[in-house]
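One structure is given here, and the rest of the page talks about it.
Laboratory data are not the source of any read-out in this text; all were calculated from the coordinates shown. This structure is a prediction, so every number in the text was calculated from the model and none was measured. All Cβ positions, even for glycine, are placed from backbone atoms using ideal geometry, and neighbour counts span all protein chains on display.
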Amino acid sequence: MGRDGTSAAVRIEGLWKRFGEQVAVAGIDLEIPSGRFIGLVGPNGAGKTTTLSMVTGLLRPDSGRVEIAGHDVWRDPAAVKSRIGVLPEGLRLFERLSGRELLTYTGQLRGLPGEQVDRRATQLLDVLGLAGAQHKLVVDYSTGMRKKIGLAAALLHNPEVLFLDEPFEGVDPVSAQSIRKVLQQYTASGATVVFSSHVMELVESLCSWVAVLAGGRIRAQGTLEEVRGEAATLQDAFLELVGAQGQAAGENLDWLGGGVR
Amino acid sequence: MSTTANASATKASGASLTPVFIRLKLSLLRNGLRQSSKRKAVWITSIVFTALYAALQLLGLIVLRGHPHVAALTVLLAVVLAVGWAFVPLFFPSGDETMDPTRLAMLPLRPGPLTVSLLAASLVGIGPAFTLVLAVGSVIATAHGGAAFAVGVPAVALTLLTCVALARAVATANVRLLSSRKGRDLALLSGLVIAVGIQVANYGLQKLSNAGGMARLEPFAKVLRWVPPGSAMDAVRSTGQGSYGLAAAQLALSAAVLALLLWWWQRGLTKVLTSPDSSTLAAAEPERKRVSTGLARLLPQGRTGAVMLRSLRYVLRDPKTRMTWTSQLVIGALVPFLNVARHNGNSYWAFMAVAMVGGQMYNLFGTDGSAFWLVMQTINGPRDAYLELRGRALAFALPAVPYLVLLVTALTAFTGHWDTLPEVLGLGLALLGAMFATGAVTSALLPYAVPQGNAFKNVGPGQTSIAWLGLLGGLLAASAQCVPLVLLTVWLHTSGHHGWLPLLLPLGFGYGLLAAWTGLRIAAPRLARRLPEVLAAVAKA
């Protein structure tokens with residue numbers, strides 16, 4: 001199982017989560033194939049972060065099952081945690097450590113041997129363009145640098161499945177490119193990347209398999225071509241799926257641009 | 001409101017700008033009422049308390065009218081007010097949104113008119129009203145004769161303007177620091193500074209209320225009556241005594257310093273509005289190589305060492321953790337010593353320090369905040385949870401145990417009862433161990449968030465009862481665990497077996513170790529089961 005490219009990397013059954021009155025995730029069933037670049041797309045508030053948090057064991061679901069590489073996330077956390085890497089959105093890192101210290105710390109918590117951590121950390125810092133800032137405290141990093149050091153920490157133990165929540169949000173084009181390169185190399189080796197985003201162009205250019213989430217439910221899933229269907233772009237297909245098309249708000253702004261100011 | 005402000009400001013010339021800024025300030029004040037009901041209550045309470053406090057001060061100053069040394073008091077008061085104004089923006093950088101000139105950088109405004117309008121807007125608010133009341137009270141206390149009251153008017157105006165301009169100028173000159181991470185770290189120290197300030201003020205007030213206390217102010221006043229805005233206040237007294245020349249000189253000095261402040265502020269504004277902001281500069285800053293402390297090599301390998309090193313680094317680098325440690329260690333030592341000195345007490349007061357230091361164990365994951373997700377991703381079961389808890393406990397013990405040994409030894413030396421050293425130290429170590437044990441359990445069962453950016457909040461929203469439950473329950477449980485040892489001590493004392501008392505030191509040490517180990521063992525499986533709940537609790541801030 002795992003990297004053979006045939007079985008499911010992640011299997012989700014009947015996943016529910018309520019926060020008080022509000023239903024954040026309303027019964028998700030999803031089977032994510034392994035060895036691919038997977039996009040989890042949806043508008044803000046669709047339940048992407050809640051879903052990813054439950055899938056990675058950070059948030060306990062109200063009901064439902066999640067299996068990663070054949071292991072149940074909530075019954076066999078030990079088998080799952082060593083196989084996944086996570087870059088959550090909106091959660092802090094230990095920011096009073098320097099970039100390198102953070103990697104060393106994470107590696108030691110994961111039980112990796114010291115010199116292996118050192119070697120991997122050096123390479124990751126190099127590839128992600130953080131070598132020059134490795135001794136700076138993470139609290140002084142920019143958004144792009146934070147995402148990159150978070151990615152490095154998530155990759156350090158060479159996981160089978162990598163979950164990234166909005167990895168490109170607020171990231172400059174140069175950092176985004178270095179993140180892309182690392183991820184493409186990683187999936188080329190047979191690993192699975194699941195990432196959430198609401199930028200359709202990005203998903204279209206990176207992913208081969210897409211799940212569309214809106215209102216806490218899966219609206220469509222399948223290969224990029226299947227989800228896109230007849231539509232010209234993923235963006236069009238997406239707007240149609242979440243029912244947000246034809247909301248043009250043009251005529252009230254007729255004064256905008258040109259003419260008398 | 002902000003849109004109106006923007007729209008008006010775009011067309012602004014000097015004259016139209018002032019009302020815009022005053023309206024903006026009034027809106028910000030009014031918006032204090034538009035928050036959640038809890039914050040609204042806090043906001044209204046703070047206003048009522050400030051008003052009451054100001055009224056009491058005013059009353060006090062009126063009562064003191066005619067006191068031979070009251071002029072010295074008013075001069076000191078004016079200078080203390082000004083110093084307070086200078087520090088407030090450093091400690092509460094986000095307190096007044098109009099204080100931050102970088103917010104105005106995108107608007108087409110000239111520094112000259114901007115200075116005038118911002119100064120006018122600064123006069124609106126609770127702080128300026130409080131200052132105004134005290135300044136008016138000072139004039140009532142010291143003015144004798146019509147001329148003196150007349151001089152009081154410019155004196156009050158100069159005092160108020162100097163205070164406000166000083167705050168603005170200091171904030172503007174330090175805006176780069178204040179909007180940077182170091183500035184925010186600095187602001188977190190304000191709790192400590194204010195706590196110490198209250199102690200000093202308390203001590204000073206006690207001295208003053210003694211008979212003839214106010215006469216002690218005279219030597220200070222002799223200097224301060226030439227330091228604005230103290231000089232403006234003293235001009236009222238000078239006029240009352242007929243020294244018109246002196247009064248004129250004092251007023252002129254105050255006015256000159258005010259002009260200088262305004263000039264400094266305007267220069268700062270120009271610089272701030274035309275240079276890159278702190279985040280850009282910080283990103284471009286060349287990095288300094290961090291030298292390893294060598295501590296890493298001394299600590300054990302694997303998870304234990306990693307956890308200890310991270311915890312100890314946070315004691316040194318995280319401003320909030322550092323402040324907690326410093327204040328606990330200082331207060332934990334100060335209180336026993338003061339009590340021993342005052343009441344001729346014994347070294348058992350050291351238990352106070354044990355409780356203070358051990359109390360920090362009661363919410364081990366709170367300071368991690370949402371970063372706890374990184375830890376929980378690596379905890380695969382009770383074994384990892386045990387190692388995590390043990391690493392954190394060891395990181396606590398590393399400074400706490402030597403501190404306790406030193407403190408008890410010093411207290412014993414102070415009291416001279418060397419025979420009590422083994423039992424006090426033994427019982428202290430046992431209590432510390434028991435607190436480590438209960439702390440590990442409450443950390444797993446009753447975790448709560450510790451807000452990072454706020455010096456005065458140590459508990460996340462809606463978690464106060466959890467925090468108290470954990471602390472009180474934990475303290476009771478830890479004390480209960482020590483009962484056998486305490487009974488043994490009492491028995492040894494009452495039955496005359498004094499020769500056996502030194503045995504309490506190794507016994508207490510062993511007992512503490514055993515208690516801590518048992519507590520960690522009990523807490524570990526519970527922590528491993530409750531990881532998502534712990535994360536949800538500590539990430540709440």
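Things to note:
- Principal-axis tilt of helix A:143-155 within chain A, Cα atoms, nearest 10 degrees: 50 degrees
- Under 5 Å, built H, 5+ apart or other chain: amide partners of residue A:18: A:24, A:62
- Among A:64, A:84, A:151 - extreme Cα towards positive end, dipole of region A:62-155, charges at beta-carbon: A:151
- Spherically averaged projected area in nm², based on the convex hull that wraps the Cα atoms of region B:331-423: 7.1 nm²
- A Förster distance of 30 Å, applied to the separation of the beta-carbon atoms of residue A:78 and residue A:226, puts the FRET efficiency at 0.25.
- As a proxy for reagent exposure, B:420, B:162 were ordered by neighbouring Cβ count within 10 angstrom, fewest first; the result is B:420, B:162.
- Of the residues B:407, B:274, B:108, the one whose Cα sits farthest toward the positive end of the charge dipole of the protein assembly as shown, with +1 on the Cβ of Lys and Arg and -1 on the Cβ of Asp and Glu, is B:407.
- Think of each Lys and Arg Cβ as +1 and each Asp and Glu Cβ as -1; about the Cα centre, that makes the dipole of the protein assembly as shown roughly 1720 debye.
- Under 5 Å, built H, 5+ apart or other chain: amide partners of residue A:194: A:38, A:162, A:163, A:164
- Cβ-derived FRET efficiency at R0 56 Å, residue B:486 paired with residue A:172, nearest 0.05: 0.35
- Residue among A:233, B:471, A:97 farthest towards the positive dipole end of the protein assembly as shown, charges placed on Cβ: B:471
- Least to most buried among A:124, B:429, B:56 (fewest other Cβ within 10 Å first): B:56, A:124, B:429
- Sorted by Cβ density within 10 Å, fewest first, the residues B:376, A:200: A:200, B:376
- Close amide H partners of residue A:214, meaning residues 5 or more places away or on another chain with modelled amide H under 5 Å apart, are A:219.
- Computed from the alpha carbon atoms alone, the convex hull of the protein assembly as shown holds 204 Å³ per residue.
- Axis of helix A:173-188 versus longest Cα principal axis of chain A: the two differ by about 70°, to the nearest ten degrees.
- Distance in nm between pseudo-label sites at residue A:255 and residue B:469 (7 Å out along the Cβ direction from Cα): 5.7 nm
- Summing charges over neighbours of residue B:528, with a neighbour being any other residue whose Cβ is under 10 Å away from its Cβ, gives +2 when K and R count +1 and D and E count -1.
- Each part reduced to its alpha carbon centroid, region B:420-493 and region B:101-149 end up 49 Å apart.
- Hydrodynamic radius by Kirkwood, which averages 1/r over all alpha carbon pairs of region A:1-156, in angstrom: 17.1 Å
- Under 9 Å, Cβ to Cβ, from residue A:175 - net charge with Lys/Arg +1 and Asp/Glu -1: +1
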